[in-house]
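J.: The structure's right below; bear with me while I get my questions together.
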Amino acid sequence: MINWRTALLPPALAIVFAMLLSSVALLISGASPLEAFATMGAQLFEGNTAVSTVNLGIVYYLAGLAAAIGFQMNVFNIGVEGQYRFAAVVAAIVGGWMQLPPVLHVIAILLVAMFSGALYALLPALLKVYRGVSEVITTIMLNSIVFGIVAFLINPEQFGVLHGNNLSTVEIAPSGRIPGIPLGEAGTLFGFVVIAGALGYGYWFMLNRTRFGFELKASGESKTAAAAGGVSARKMTLAAMLLSGAVAGLVAMPELLGRDYVYAMTATQGYGFTGLAVALLGRNHPAGIAFGALLWAFLDRSAVSLESIGIPSEIATIMQGTIVLSVVVAYEIVRRADLAAEQRRVGRAGRNGQPANVAEGGAV
Amino acid sequence: MTESEPVVELTGITKRFPGVVANSDVHLTVHAGEVHAVCGENGAGKSTLMKILYGMQQPDEGTVSVGGEIVELRNPQDAIKAGIGMVHQHFMLADNLTVRENVLLGAEGLHGMGRKARARLTALAEQTGLHVDADTLVENLGVADRQRVEIVKVLYRGARIVILDEPTAVLVPQEVDALFETVRSMQTEGYTFLFISHKLDEVRAIADEVTIIRRGTTVGTVDPTTVTSHELAEMMVGSELPSPETRESTVTDRAVLRVRELRLDAEDSGRALLDDVSLTVRAGEILGIAGVEGNGQTELVETIMGMRRASAGTVELASAGSELRDITRLGTLARREAGIGYIAEDRHRHGLLLRQPLWSNRILGYQTRRPVSNGRLINRGAARRDTERVVAEYDVRTPGVEVLAGALSGGNQQKLIVGRELSGEPVLLIAAHPTRGVDVGAQALIWEQMRAARHDGLAVLLVSADLDELIGLSDTIRVMLRGRLVSEADPATVTPTELGSAMTGAGEEAA
């Protein structure tokens with residue numbers, strides 16, 4: 001059931017609340033909130049900011065999807081961060097080494113990335129399923145281990161090459177790149193946007209139309225009820241974790257195959273953590289995650305423009321934080337209000353508006 | 001007892017919840033030093049009333065007076081100050097703390113934490129018959145001792161009036177006797193007890209006065225020594241007591257479920273939860289399993305469903321139109337597909353997805369079968385249509401199938417589950433407490449549906465704590481005690497009393 005009030009009201013409230021709170025922060029620091037918000041909005045129409053915002057949004061979207069798959073099964077995959085970086089460096093190395101015809105080359109790189117992401121999620125998944133170790137702890141540890149793995153792999157003694165004073169992997173041949181969509185003055189949109197869209201649809205289809213998606217949601221909501229219905233919680237946890245890792249493996253691909261063609265020591269970090277926030281913001285819904293990813297990317301980009309008018313860019317970070325916090329609270333409030341409303345509606349049904357008698361099936 | 005003054009008086013209490021009146025015009029008078037039982041069916045409103053008395057909920061109308069003065073109890077702290085304490089059915093203890101820590105936690109202001117507190121604790125432990133070292137961890141205590149710790153906790157905070165919410169539900173018969181002795185000895189020291197129960201024998205054994213609650217309102221207060229259990233039962237359910245009786249026998253000689261020498265060991269030790277359980281259910285037969293709760297019925301059902309792995313023994317099932325086939329190694333889903341329908345004893349934990357709509361709950365357990373699925377893809381349209389059919393056929397009272405399952409009342413949830421489980425063309429239905437906590441109307445409907453399905457050749461394994469239900473519905477009754485099937489009874493001749501004594505092991509050779 002699509003209940004627009006339930007779906008749209010909380011994020012709207014959260015954004016308004018976050019703006020209010022950042023206004024307070026702005027006023028305290030002595031700047032004008034109106035000027036700040038106007039600058040943030042206006043920068044979107046300057047040069048190629050709009051397109052670069054969307055490009056960043058694509059990356060966040062993938063990270064958000066990866067996190068959301070875990071959330072569906074009540075798995076908190078903080079390891080999206082480690083999984084995508086591990087996948088990125090492996091895919092970049094394999095992609096640089098491989099010689100394949102154009103489309104095949106790309107597909108092979110993507111498969112390697114997904115496989116590597118899933119592989120990096122395998123250990124926490126197994127530990128959780130068979131030993132009950134919290135995935136939060138194991139994935140955080142693997143996140144910090146990945147730094148060493150990346151440094152090791154792109155060392156010239158292993159697979160790396162030195163460009164100036166930056167270490168990176170071997171460049172991927174043009175056959176393994178995904179062409180961008182040129183938008184003239186505005187810049188070039190990542191071609192990966194098509195794949196991201198397809199993934200979003202696939203995610204929606206899986207959850208709502210397939211038996212696997214049903215089992216995943218059921219098990220995520222109530223392991224015991226799902227078990228009585230023939231769904232193994234172990235299997236579902238394992239599947240959710242590996243699937244989440246596989247999608248996480250794609251997070252760095254838009255940039256790797258669409259802009260950088262190498263994975264360097266200096267590659268941007270932190271997409272995985274953003275993905276968690278974006279998934280929360282979008283309530284694990286593919287369209288919601290897209291919205292959350294774009295909003296997050298917009299705030300990231302606008303931070304730069306704030307500095308140009310002498311306002312600390314941390315204001316954008318404050319807004320991001322407050323939006324996530326308030327959206328979680330707002331959803332819970334609206335959910336409870338809706339449940340109470342529904343109970344009243346059920347209570348009235350079939351009793352001609354009379355309150356239910358306990359003896360007629362009223363709950364106590 | 002009636003000469004003493006009333007210590008607690010509830011007058012005209014009414015409490016409404018969204019769409020439901022849980023208590024309506026309830027009157028209750030409790031005299032000092034008595035054991036006052038509050039009796040009623042599941043869902044009659046006992047718990048709500050006690051929550052009001054303990055300050056957990058506020059009445060919409062009516063007054064509460066303690067010791068002759070009208071008080072307003074806004075939270076449990078107010079109630080404790082007024083001298084009222086509550087021992088919950090589900091214990092509220094921290095397992096990883098010691099007995100002393102549990103008792104003192106949050107009440108450090110009363111007697112400090114030193115010698116004075118220790119002395120008080122020892123005195124109270126003596127009074128309540130708690131014979132354990134105060135430095136034992138609560139996790140090492142048995143259920144009966146935990147309950148005593150709860151009582152001590154309440155007394156330590158100064159309660160003179162103690163509410164015991166279904167205290168015997170978790171105890172075995174000997175422990176019940178011991179608890180009753182404690183209650184009686186404390187009674188002589190001036191404590192007053194409110195005893196919540198729906199077990200009439202126990203009420204008659206312990207109470208000085210009984211107040212009956214039916215459909216949210218008080219029916220009357222009686223002296224348990226002057227009325228029979230049957231009279232009490234009638235007051236509880238009203239005169240239109242539905243009869244679960246099955247008439248003609250439809251038992252065939254075709255075995256549908258055969259369990260042989262089933263054994264289940266506890267996960268942490270070699271202790272057997274189920275031992276040497278063998279039974280056969282034939283087409284058209286309802287086999288009833290009687291027993292005090294916690295004697296292995298839950299484990300038996302879950303092992304047959306494949307939710308627990310049997311340590312030894314076999315389970316065989318004859319699917320529609322085929323011979324008995326070993327399903328011991330199969331998982332839950334495969335067993336369901338082979339034709340087992342399952343009504344779980346705890347519908348919230350095992351039966352429903354409370355935050356999903358009704359049609360989504362129709363799919364649960366049937367996610368591989370038509371009409372709701374083709375094995376890989378879910379057919380939402382068909383699921384909605386079939387849920388509408390279930391709602392209509394089984395009289396589930398709901399405004400529509402998009403409603404979340406958690407918004408329905410217990411009886412309607414149960415009707416939905418029964419409808420779902422009978423829709424998958426099962427050959428065997430496992431029904432664990434199918435009418436627990438549902439209203440009389442839903443109970444009659446569920447009994448009727450089970451009888452109709454039995455008539456059509458369904459085999460039913462019925463586990464129930466309601467002896468009338470067992471005797472009325474079953475073709476054969478087996479009694480379960482400490483994980484074993486100990487005796488057999490013929491429902492045509494056995495009385496609830498005989499069955500009751502077999503269940504407690506008093507008459508192992510009887511029946």
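The values are calculated or read from the model by the stated rules, or taken from the named source; none is laboratory data. Fair warning: this is a prediction, and the values are worked out from it, not measured in the lab. No Cβ is skipped: glycine too gets one built from the backbone with ideal geometry, and neighbour counts run over all protein chains shown. Ligands, DNA and RNA are stripped out before the accessible areas are found, and what is left, the full protein with its side chains, is counted by its heavy atoms. Shrake-Rupley method; radii C 1.70, N 1.55, O 1.52, S 1.80 Å.
J.: When the chain is fully extended, how far beyond the present Cα-Cα distance does B:ALA452 get from B:ALA178, taking 0.36 nm per residue of separation? Can you show the working numbers first?
T.: Details: separation 274, 0.36 × 274 = 98.64 nm, distance 4.39 nm.
Additional length available on full extension: 94.2 nm.
J.: Here's another thing I want to ask about it. Which order do A:THR266, B:THR48 take by accessible area at a 1.4 Å probe, largest first?
T.: The most accessible residue leads, giving A:THR266, B:THR48.
J.: Taking only protein heavy atoms and a 1.4 Å probe, what accessible area per residue, in Å², does the range B:304-352 have with all protein chains in place?
T.: Details: 2030 Å² over 49 residues.
Here the per-residue accessible area is 41 Å².
J.: Antiparallel versus total DSSP beta bridges in the protein assembly as shown: what percent is that, nearest 5?
T.: The antiparallel proportion sits near 60 percent.
J.: Only Lys, Arg, Asp and Glu count, each charged at its Cβ (+1, +1, -1, -1), so figure out the dipole size of the range B:349-424 about its Cα centre, rounded to 20 debye.
T.: With Lys and Arg at +1 and Asp and Glu at -1, about 260 debye.
J.: Considering the dipole of chain A built from charges on the beta carbon (Lys and Arg +1, Asp and Glu -1) around the Cα centre, which of A:LEU126, A:VAL106, A:ASN48 is farthest to its positive end?
T.: A:LEU126
J.: Name the residues of the range B:418-466 whose accessible area, probed at 1.4 Å, falls by at least 30 Å² once all protein chains are in place instead of their chain on its own?
T.: The answer is B:ASP439.
J.: At 7 Å along Cα-to-Cβ for each site, give me the label-to-label distance between A:ASN155 and A:MET19 in nm.
T.: Label-label distance for A:ASN155 and A:MET19, simple model: 5.2 nm.
J.: Then there's this: For Cα pairs less than 8 Å apart in space and 6+ apart in sequence, what is the mean separation divided by the residue count of chain B, i.e. the relative contact order in percent? Each step should come with its number before you reach the end.
T.: Numbers: 1027 pairs, mean separation 72.3, N = 511.
Result for chain B is 14 percent.
J.: Show me the trypsin sites (Lys or Arg not before Pro) within the range B:371-450 that DSSP assigns to loop and that have at most 13 other Cβ atoms within 10 Å of their Cβ.
T.: Those satisfying the criteria are B:ARG376.
J.: Hey, another quick one. Using a 1.4 angstrom probe on the protein heavy atoms only, line up B:LEU300, A:LEU111 by accessible area, largest first.
T.: Working: B:LEU300 0, A:LEU111 110 Å².
The ranking, largest first, comes out as A:LEU111, B:LEU300.
J.: Per residue, how many Å² of accessible area does the range B:6-237 show with a 1.4 Å probe?
T.: I get 42 Å² per residue for the range B:6-237.
J.: State to the nearest 20 debye the size of the charge dipole of the protein assembly as shown about its Cα centre, where the only charges are +1 on K and R beta carbons and -1 on D and E beta carbons.
T.: Values: 74 positive and 90 negative charges, 600 e Å.
Dipole size: approximately 2880 debye.
J.: Between helix A:192-209 and chain A, what is the angle of the helix's C-alpha long axis to the longest principal axis, kept within 0 to 90° and rounded to the nearest 10?
T.: Helix A:192-209 sits at roughly 30 degrees to that axis.
J.: Tell me the accessible surface of A:ILE93 in square angstrom (1.4 angstrom probe, heavy atoms of protein chains only), to the nearest ten.
T.: For A:ILE93, solvent-accessible area is about 30 Å².
J.: To one decimal place, what orientation-averaged projected area in nm² is obtained for the convex hull of the Cα set of the range B:6-237?
T.: 12.4
J.: Which of rounded, prolate, oblate describes chain A, given a ≥ b ≥ c as roots of the alpha-carbon gyration tensor eigenvalues and a/c under 1.5 marking rounded, otherwise prolate only if a/b is larger than b/c?
T.: oblate
J.: Next up: Based on alpha-carbon atoms only, what is the radius of gyration of the protein assembly as shown relative to the globular estimate 2.2 N^0.38 Å?
T.: Ratio of Cα Rg to 2.2 N^0.38 Å: 1.11.
J.: Return the value, in Å² to the nearest 100, of accessible area buried between chains A and B (probe 1.4 Å, both sides summed).
T.: 3800
J.: Same structure again: What 222 nm value per residue comes from the helices of chain A, counting each DSSP H run with n ≥ 4 as -39,500 (n - 2.57) and dividing by all residues, nearest 500 deg cm²/dmol? Intermediate values should be presented prior to the final figure.
T.: Details: 13 runs with 246 residues, N = 364.
Helices in chain A give a 222 nm mean residue ellipticity of -23000 deg cm²/dmol.
J.: While we're on this one: On average over all directions, what projected area in square nanometres does the range B:349-424 have, based on the convex hull of its Cα atoms?
T.: The number I arrive at for the range B:349-424 is 4.4 nm².
J.: Also: What shape does chain B take by its C-alpha gyration tensor, where a ≥ b ≥ c are the square roots of the eigenvalues and a/c under 1.5 counts as rounded, a/b above b/c as prolate, and the rest as oblate?
T.: Taking the square roots of the gyration eigenvalues as a ≥ b ≥ c, chain B is prolate.
J.: At most 12 other Cβ atoms within 10 Å and a DSSP loop assignment: could you name the GluC sites (Glu not before Pro) in the range B:317-349 that fit?
T.: Listed in order of number, the matching sites are B:GLU323.
J.: What are the GluC sites (Glu not before Pro) within the range A:38-139 that DSSP puts in a loop, where the Cβ has at most 11 other Cβ atoms within 10 Å?
T.: Qualifying residues, ordered by number: A:GLU46.
J.: Let me ask something else. How would B:ASP276, A:ASP260 rank on accessible area, largest to smallest, probe 1.4 Å?
T.: Values: B:ASP276 85, A:ASP260 60 Å².
The residues order as B:ASP276, A:ASP260, largest area first.
J.: Still on this structure, I have one more. Among A:LEU216, A:SER116, A:LEU153, whose Cα projects farthest towards the positive end of the dipole of chain A, with charges put on the beta-carbon of Lys, Arg (+1) and Asp, Glu (-1)?
T.: A:LEU216
J.: A further question on this structure: In the protein assembly as shown, carbon and sulfur make up what percent of the accessible area (probe 1.4 Å)?
T.: On the way: 20940 of 37100 Å².
So the carbon and sulfur contribution to the accessible surface is 56 percent.
J.: Based on the alpha-carbon gyration tensor of the range A:275-351 and its eigenvalue square roots a ≥ b ≥ c, which shape applies: rounded if a/c is under 1.5, prolate if not and a/b is larger than b/c, or oblate?
T.: Prolate.
J.: R0 = 25 Å: FRET efficiency of B:ALA32 with B:GLU61, Cβ-based, nearest 0.05?
T.: 0.45
J.: Another question, if that's okay. Hey, if you put +1 on the Cβ of every Lys and Arg and -1 on every Asp and Glu Cβ in the protein assembly as shown, which of B:GLN89, A:VAL170, A:ILE323 ends up farthest toward the positive end of that dipole?
T.: Toward the positive end, the furthest listed residue is A:VAL170.
J.: B:MET113 to B:GLU139: FRET efficiency via 1/(1 + (r/R0)^6), r the Cβ-Cβ distance, R0 25 Å, to the nearest 0.05? The partial results should precede the final answer.
T.: On the way: r = 22 Å, r/R0 = 0.86.
The computed FRET efficiency comes out at 0.70.
J.: Sum -39500 (n - 2.57) across every DSSP H segment of at least 4 residues in chain B, then divide by the residue count to get the 222 nm mean residue ellipticity, nearest 500.
T.: On the way: 17 runs with 163 residues, N = 511.
So the helix-based figure for chain B works out to -9000 deg cm²/dmol.
J.: Under a point-charge model restricted to the Cβ atoms of Lys and Arg (+1) and Asp and Glu (-1), what is the dipole moment magnitude of chain A relative to its Cα centre, in debye to the nearest 20?
T.: Dipole of chain A, to the nearest 20 debye: 1480 debye.
J.: Return the sequence-ordered ³J(HN,Hα) values of the range B:443-456 in whole Hz as given by the Karplus equation 6.51 cos²θ - 1.76 cosθ + 1.60 applied to θ = phi - 60°, using x for Gly and Pro.
T.: 4, 4, 5, 5, 4, 4, 5, 5, 5, 5, 5, 5, 4, 7
J.: Using the heavy atoms of the protein chains alone and a 1.4 angstrom probe, what is the accessible area of the range A:161-268 per residue in square angstrom?
T.: Accessible area per residue: 40 Å².
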